[in-house]
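Accompanying notes for the structure given below.
The values are calculated or read from the model by the stated rules, or taken from the named source; none is laboratory data. Everything numeric in this text was worked out from a predicted model, so none of it was measured. With ideal geometry, Cβ positions are generated from the backbone for all residues, glycine too; neighbour counts draw on all protein chains shown. In case anyone asks, the SASA skips ligands and DNA or RNA and just uses the protein heavy atoms, side chains included. Shrake-Rupley method; radii C 1.70, N 1.55, O 1.52, S 1.80 Å.
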Amino acid sequence: TAKEYQAAMANGRTAIQSKHYTQAESYFQNALKRRLNDKTAQRYLTQTQRFVSAEDALDDLHFASAQTHYQTVQDTKNGSQILTKRAQDRLKQVKTIRSNVKQFKKLLSQAQGQNEALNYGQSNTTLDELFNNSKFRQRYYKNLYSQALALRKANNAGQTASLASSASSTAAASSSSESSATSSSTATSSSSASLTSSEQAAAKNYSGSNEY
């Protein structure tokens, strides 16, 4: 039984080294069967399970939960030093991600406000700050990336509608101006047409002043 316990623990450590965490859990559980309530086996098992939970939370973009689990793994005393080191590295990564999320959300909120104020061009300029950041394309920010794409699409649609409206107003104003000019010309022609041919000839030949 002692040899089986030692073999299970050794296999569990090897599985951790190879990042086969599910296998590691099975080995540590097996070790506990060989030596009931063994603190070392239980500590390794719990630490491994915590690390797996942290990895799952990170994959699901639950950064706060991931950070809590990684912190617990790191703080485990007399556990797997490999897991402790990996948890430390992940903690740095998660903290950076959460800081980026805060920055990206701030810019996205600014762009949304500009969109609501109908400043579509300015909103797109703000969005460009996000799209030009290579980190923004990482999978950790995919939800924010999708929102930014949708907002840019809305801005482009708003700009197109504004241009169409402006063109329509310009055309209407031009049409109104042409209509006024036509009416004036028609009125002048009408005034001349009201005279008889003899009156028009007399008016044309008159060179004096209107004394009478």
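Data overview
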{"item": "Whichever lysines have a C-alpha closer than 23 Å to that of Lys135, once near sequence neighbours (fewer than 8 apart) are set aside", "result": "Lys92, Lys95, Lys102, Lys105, Lys106, Lys153"}
{"item": "Probe 1.4 Å, protein heavy atoms only - accessible area per residue of the range 1-148 in square angstrom", "result": "58 Å²"}
{"item": "Sites Gln81 and Thr160, calculated FRET efficiency, Cβ-Cβ separation with R0 41 Å, nearest 0.05", "result": "0.10"}
{"item": "Over 16 Å [Cα-Cα, the range 20-66], rounded percent", "result": "42 percent"}
{"item": "Semi-axis lengths, Å, the range 45-130, gyration tensor of Cα atoms, sqrt of 5 times eigenvalues", "result": "39, 10, 8"}
{"item": "Heavy-atom accessible surface of the range 10-101: percent carbon and sulfur, 1.4 Å", "result": "44 percent"}
{"item": "Ellipsoid equivalent to the range 1-89 - semi-axes via the Cα gyration tensor, in Å", "result": "24, 12, 11"}
{"item": "Vicinal HN-Hα couplings computed from phi for the range 91-105 (Karplus, 6.51 cos²θ - 1.76 cosθ + 1.60; Hz; Gly/Pro x)", "result": "4, 4, 5, 5, 5, 5, 4, 5, 5, 5, 4, 4, 5, 5, 5"}
